[in-house]
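Engineer: Please read through the structure below; I'll follow up with questions.
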Amino acid sequence: MTRTNQILSGILVAQLAIIAFLFWPGRGASAAVTKLYTGVTLDDIQSMTVSSTDKSITITRGGDGWVLPEAEDYPVQAVQASDTISKVLNIDTRRLVASNSTSHKRLEVADDNFVNKVELTTKDGKTLTLYVGSSPSFRSTNVRTGDSDNVYLTSSLASSDLHTDYGSWVNTTYVAIPTTDVQAVTVQNANATLDFTKVSTDTWTLADLAADETFNQNNLSSLLTRLTGLNMVKPLGKTAKPEYGMDALQATITVQSQPAGGQAKTTTLLIGAQLPESKNYVLKSSESDYYVEVASFSVENFVNRGRSDYLQAPPTPAAETPGATSAITETGILTDFNAITTTTPITATEVVTPAQ
C-alpha cells in the first residue's frame, strides 16, 4: 500500500469514527426535561415549612384552606400558600449547573449553608426538601433537592418568593371599624375612664367636662384613626396564656358603632401585657377568637393617655422680657406755665491742670 493510500485510509477511518460517534443510538439526543419532583401535585401537599438562616414558619392544610398550626390554626391567605407551593413544584431539570457536592457551599445550597430551605410534606408522610441558594442573575436561582447533589438554575422560584414572617401569610388587619360608623368610645386604663360621644358628623365631646375645661378633639382623632385599621404583628392563638396578662389589663376599649341604616354593635378590645422580648402588646377583640400581638405604637395612647391629654391647656400669661419698658397708658397734660422771672448767671469754672 502506497503512502497516499495509507493517508486516505486513515482519513476514512477517522470519518467513520466521527459518524459513529455522532449517530450512535441515543447520542446527541437531549436528556428529557422533567420536573424536579415528578408525580407530585399541589393536592398532594399537606404542609410546607419555609426556613431562613435564623427562623422558620410552617403552614398546613386545615378545614377548607391553609392555617398556622403554631397559632392554633389561624387562617392563612390561601392564594399565597398555593402560589408558593406551585412555584416549588414547577421547577424542572432543564439547566444543570453542578453535580458535585463541592459546589454546594459556593452556590449556597448546602445542608448547612443556604438562603432558604423549603420542606413539603405530602399526605402520605413523605418529606420533600429543597435548598434555595444564590441568584447569579435576575430570576435565576440555584436550587437543589435534599436527596441529590445536582444543582439546577430555575426561574420558577426566587428567595423573594419565600417568607418567614407572619405578615406575608395572613391578613394582618385585626380591627377595622369605619370611623363614620363609630358613635361612642370608652377608654379605661390606669389613669382614667374616658367616655367620648359623637355629637355630630365631625364633632365629639368628652363626658363630665367642668365649666373651665375645654375638650381637645385633635387627640381623640388619632385614636379613632387607629380603630379604622388596627394591624397585628402576628397571631398568638385562642388560648389565654398567663404571660398574655389578661387578668391585669393595661386598657379596655369599648366601641359603639352603627352603620347608616344598619344595626348597632358593641366591640370590646382588651389590651394585655407588654411582651418582654418584642415590647409589643397582646390584644384581644370581642369580634375574634384569637389573641394577637400588636406593635406598641399602635395602642400605647390607649394605655397611657389620661383625662388631661384630651383637654386644651389654659393660655399661658405672656412673660415680661427683662429690661423691657412698660407701656405708658396715660399722660398728664401740662395746662399752666409759670413765667421765668429771674436768671442766675453762670460763672466760669476753674480749669484743673495736671500736677507736675
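Each reported figure results from applying straightforward, stated rules to the coordinates on display, with no laboratory input. Remember, predicted model here, so these are calculated numbers, not experimental data. Don't worry about glycine lacking a Cβ; one is built from the backbone with ideal geometry, like all the others, and counts go over all protein chains shown.
Engineer: Rounded to two decimals, what is the ratio between the C-alpha radius of gyration of the range 168-271 and 2.2 N^0.38 Å?
Structural biologist: Normalised Cα radius of gyration, the range 168-271: 1.22.
Engineer: Within 10 Å of each candidate Cβ there may be at most 16 other Cβ atoms; applying that plus a DSSP loop requirement, which GluC sites (Glu not before Pro) in the range 225-301 survive? Before the final figure, lay out the partial values.
Structural biologist: On the way: sites: E243, E277, E287, E293, E300; in loops: E277, E287.
Those that pass, being in a loop and sparsely packed, are E277, E287.
Engineer: Also, quick follow-up: When you take every Cα atom in the range 225-274, what is the radius of gyration, and what is Dmax, the widest Cα pair distance, in Å?
Structural biologist: My reading of the Cα-based Rg and Dmax gives 13.7, 42 Å.
Engineer: So for the pair Q256, S86, with labels modelled 7 Å out along Cα→Cβ, what separation do we get in nm?
Structural biologist: 4.9
Engineer: Starting from the Cα-Cα distance between T214 and Q183, subtract it from 0.36 nm times their residue separation and give me the gain in nm to one decimal.
Structural biologist: My answer for the length gained is 9.1 nm.
Engineer: So, one more: In vacuo Debye scattering of the range 104-175, one point per C-alpha: log10 I(q)/I(0) at q = 0.25 Å⁻¹?
Structural biologist: -1.10
Engineer: Turning to a different aspect of this structure: Using unit Cβ charges (K, R positive; D, E negative) and no other charged atoms, how large, in debye to the nearest 20, is the dipole of the range 81-137 about its Cα centre?
Structural biologist: 160
Engineer: Run through the range 264-319 and list the trypsin sites (Lys or Arg not before Pro) located in a DSSP loop whose Cβ has at most 12 other Cβ atoms within 10 Å. Could you put the intermediate results ahead of the total?
Structural biologist: On the way: sites: K265, K279, K284, R305, R307; in loops: K279, R305.
Taking the range 264-319 and a limit of 12 other Cβ atoms within 10 Å, the loop trypsin sites (Lys or Arg not before Pro) found are K279.
Engineer: Still on this structure, please answer the following. So which chymotrypsin sites (Phe, Trp or Tyr not before Pro) in the range 91-160 are both in a DSSP loop and have at most 11 other Cβ atoms within 10 Å of their Cβ?
Structural biologist: Values: sites: F114, Y131, F138, Y152; in loops: F138.
Taking the range 91-160 and a limit of 11 other Cβ atoms within 10 Å, the loop chymotrypsin sites (Phe, Trp or Tyr not before Pro) found are F138.
Engineer: Simple spin-label model, 7 Å along Cα-to-Cβ: D165 to A313 in nm?
Structural biologist: Taking the simple label geometry, D165 and A313 are separated by 3.7 nm.
Engineer: Please compute the modelled spin-label separation between M246 and S148, points set 7 Å along Cα→Cβ, answer in nm with one decimal.
Structural biologist: That separation, rounded to one decimal, is 4.9 nm.
Engineer: Ordered by packing density, taken as the mean number of other Cβ atoms within 10 Å over each peptide's residues, highest first, how do 180-186, 45-51 rank?
Structural biologist: Going by the mean number of other Cβ atoms within 10 Å, highest first, we get 45-51, 180-186.
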